[in-house]
Each structure stands twice: as C-alpha cells, then as structure tokens.
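Each reported figure results from applying straightforward, stated rules to the coordinates on display, with no laboratory input. Just so we're clear, the structure is a prediction, and the values are computed from it rather than from any experiment. Glycine also receives a Cβ, built like all others from the backbone with ideal geometry; neighbour counts cover every protein chain displayed.
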Amino acid sequence: MNWILILALALIVARLAAELWLSRLNQRHVRECATSVPDDLKEVLDPATCAKAVEYTLAKARLGQIQGLWSTGVLLLLLFSGILPLAFGSWSGKAGHSAWAHAAFLLVVVVVFSSTGLPLDWHAQFRLEERFGFNTTTRATWWLDRAKGFLLLWLLAWPLLALILKLVEWIGPGWWLWAWLTMLAFQLAMFFLAPVILLPLFNKFTPLPTGTLRDRLLGLAARTGFRARSIFLMDGSKRSRHSNAFFTGLGRFRRTVLFDTLVQQLTESELEAVLAHEIGHFKLKHVLKMLALSAFGALAGFCIVAWLAGQAWFGQGFGFHTPNVASTLLLAGLLGGTVSFWLSPILNHWSRRHEFEADRFAAEAMGEAGSLIGALRRLNRENLSNPAPHPLYSAFYYSHPTLPEREGALKRLRSGPSHQP
Ligand SMILES: [Zn+2]
C-alpha cells in the first residue's frame, strides 16, 4: 500500500473512531438520566416524556452508529478495491473523454454511493420515526421525493459539473478561480429561484390566512424594519410531525415560511417570538456571514483540487494511471468529509453564538423573553430533544445551544443590565 492510501485510510478510520466514541460517550451520559428528569428540565418535562426522549435519543444514536459503519464500509470499498479507476476506464472507453461524459461518471458514482444508504434511510423513516409517532410520510411520497431528487441532480448538477470541467479545457491552470465564480453564480441563482421553483416541487406553500396571527406577525416585521412581503404556511405535516420555521430566497423572492406543524404547536405570542428570532438572524447578518463562509470554503476546496490535479502521485495512488481533474474531483469529494468533519466543532460554535444573538434580538423585539422561552420549551418537548447531551458531544455536533443554555442566557438578559453594546 502506498503512503497516500495509508493517509486516506488513517483519515477515514480517525473520523469513524471519533464518531463512535462521541456517540458512546453521549449514550452513556443520556442513560444515566433515564431514571430521573435532569434538574434544569424539571419544569419542562414530566418523567414519562423524559423517558421517551431518552429512548428516542438512544434509538437514533444506535441507528447513527450503524449508518456510520455502513457508509464507511462502502467508502473503503470504493477507494481501496480499485473499482473506481476500472469503472472510469470502461466508462471513458464507451462514453469518451468529453466534459459531459466525465461529469456524468461523477454523478453516477454519487448516485450509487447514496443508493447504498437507502435501506437505512427507509428504516429511519418508517421504523424509527414511526415508532416515536413522528412519521407522516407515505411510501409513495418517500419514493417520489427520491425520484425528484434524482431528476434535479441530473438537471442541475450535470450541466454545472460539465461546465466546470469545460473551464479546465478552455482556461488551463487558472481554471479553479473561474470554476469558483461559476459555482457562486449558480448558488446565487439557486438562492433566488429555490423558493419559487424548487421548494414547491416538494411542498405546498399557502399564504398565511388573514387573522390575528397574520396581523401580529406583520406587525412584528414592521416594528423590526423587516420587509416581509408575505408569510407562507408550508405543509410540513406531509412528512413529519417535527416543526420548523425558516427564510428562503433573496430580494423579491424572499419568503418567510412557517411549518403548519409549528402553527399547531405554539401559541400566537410564541410564534411571534420564533419569527422575531428568525428576523434576528437576518438583521444581524448571520445569513450573509454564513454565505461568505461557505463561499470561502468552496474557494479553498477548488484551490486544493486544482493543486492535487497537478500532482500525479495523488490520482495514481488510488489507481488512476492518467489522473485528470474529473478523477481528482471525485477523490476529493469522497475524502473531503474526513477533513471537514474536524472543522464542524468550530463551525457549530460559531452557529451557537449566532443563536444566542438571535435569541437576544427576539427578546428585545418582543419586550419580554417569556414567549420565546415558552416556544423553546414546547419545541423541546414536542421534538423529544435529547434531555442530557454529553457536553463534549453537544460542543462537537450541536448547531443550536441546548434548552437550559438558551433559557439561562435569556433569563440573565432579563435580570442583568438591560442593554449591552
Ligand atoms: Zn436560530
């Protein structure tokens, strides 16, 4: 085995080991709380709900471990059996070496790789989520979702990938900068168009009917200087009882969306607080910052792929005799997660800071923190959130602070100095 394969193996095993270790640590921590409700959740959960949340957390953790082992096994098979260069050779023999042919090969690998996870995805939806009363997806919807995803992949990702590979032919060594700009333009276009073209393929969006809730929410938008053209209800209940709210799109296509499940679960003032939190993300430029960060990440990614494509040892290490940009993109795509995994605690730390800031914005916009606390408690209960994540586990994986952390910060806000710069 050459050194590049040893390095790849080390990266893959290190990630799997870290995932399994964190999961075990977390499961042990949660199990300790199975017999009694943790002190900081005594007001939120009754013992029966807490026990159910523990059971749900453990069931998800066990399935997550199996999924991790399974996808690692498939990844090892793809990278170490020599099947990729073999398949690439015979594909190119038949389909040729055009950018379109290479791009199609990459997508076929993506489809094959993700198809191997389908049985476990099915189990997660129709066994696990079903068992805890969350699943509302029908078999037909589940298959239709996959079929639509498959079609969109070919309609959108194929031309994009082919264009990127074309840029390599047209421009030569500096291709990566143009590829990055192309990617940015594509992402921006998607950001505008997704709410009007893509999302309606999967869900129904209806304007929130006139009434006290709508008046309240539009009043909040006006008060905070947020231009909300309209507020939409989404039929999230078509797939799950879990609830959510979000913004999508930019400019005139921007949409504020509430899941119908959220509207069923929360009171009007709680819904107003949730929307205030979301407006906080927008007003505090969190959305823009996250977009800038992901653009920077993509630039680094293209830069690394371009460099690796010029290093014969990289592709040859994995059995590609004449490595090219397509095979390098493929290998980098398969291995990228083993490196980015270690960045997730930093990104999540940043995200949690944004959540605290948006909570504070919401409390100030509402003039009180009680409604937001009420909403957070209710959502915690309804979604059977892990009542006692291990601190290391939540630091690594959680994009949102835990309920006691958020409540604590909101209560300090109420009792402490009213305004901080
Ligand atoms: Zn948030």
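Values for this structure:
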quantity: Dipole moment magnitude, nearest 20 debye, segment 103-221 about Cα centre, only Lys, Arg, Asp, Glu C-beta charged; calculated: 260 debye
quantity: Ser240 long-range amide H proximity, modeled H, under 5 Å; calculated: Thr136
quantity: Angle between the chain longest axis and helix 3-32 axis [Cα atoms, degrees, rounded to 10]; calculated: 20 degrees
quantity: Between segment 22-54 and segment 118-178, the alpha-carbon center distance in angstrom; calculated: 35 Å
quantity: Ranked list, fewest to most other Cβ atoms within 10 Å of each Cβ, for Ile6, Ile164, Ile373, Ile231; calculated: Ile6, Ile231, Ile373, Ile164
quantity: The chain - charge dipole about Cα centre, Lys and Arg +1 at Cβ, Asp and Glu -1, debye rounded to 20; calculated: 440 debye
quantity: For the chain: relative contact order, % (alpha-carbon pairs under 8 angstrom, 6 or more apart); calculated: 22 percent
quantity: Helix-only CD estimate at 222 nm, as mean residue ellipticity for the chain, using -39500 (n - 2.57) per DSSP H run (n ≥ 4); calculated: -22500 deg cm²/dmol
quantity: Placed amide H near Phe232: partners under 5 Å, 5+ positions off or other chain; calculated: Leu208, Thr256, Val257, Leu258
quantity: Using a Förster distance of 35 Å, the FRET efficiency for Arg24-Glu169 (Cβ separation, nearest 0.05); calculated: 0.10
quantity: Projected label distance in nm at Ala185 and Asp145, using a 7 Å step from Cα toward the beta-carbon; calculated: 3.4 nm
quantity: For segment 252-294 and segment 72-102, distance of Cα centres in Å; calculated: 42 Å
quantity: Proximal charge balance of Asp46 [Cβ under 13 Å; K/R count +1, D/E count -1]; calculated: +3
quantity: Cα-based helix-to-principal-axis angle, 99-115 vs the chain, degrees rounded to 10; calculated: 50 degrees
quantity: On Cα atoms only, tilt of 403-415 relative to the major axis of the chain in degrees; calculated: 50 degrees
quantity: Total charge dipole magnitude, segment 241-367, about the Cα centre, Cβ charges on Lys, Arg, Asp, Glu only, Debye to nearest 20; calculated: 420 debye
quantity: Gain upon complete extension [Ser114, Ser237; 0.36 nm per residue less C-alpha separation]; calculated: 41.7 nm
quantity: Distance histogram in 10 Å bins (all Cα pairs of the chain, percent per bin); calculated: 4, 17, 27, 28, 17, 7, 1, 0
quantity: Convex hull per residue volume in Å³, alpha carbons only, for segment 1-74; calculated: 86 Å³
quantity: Kirkwood-Stokes translational diffusion coefficient of segment 301-421, alpha-carbon pairs, 25 °C, 0.890 mPa s, µm²/s; calculated: 138 µm²/s
quantity: Antiparallel content of DSSP bridges confined to the chain, in %, to 5; calculated: 65 percent
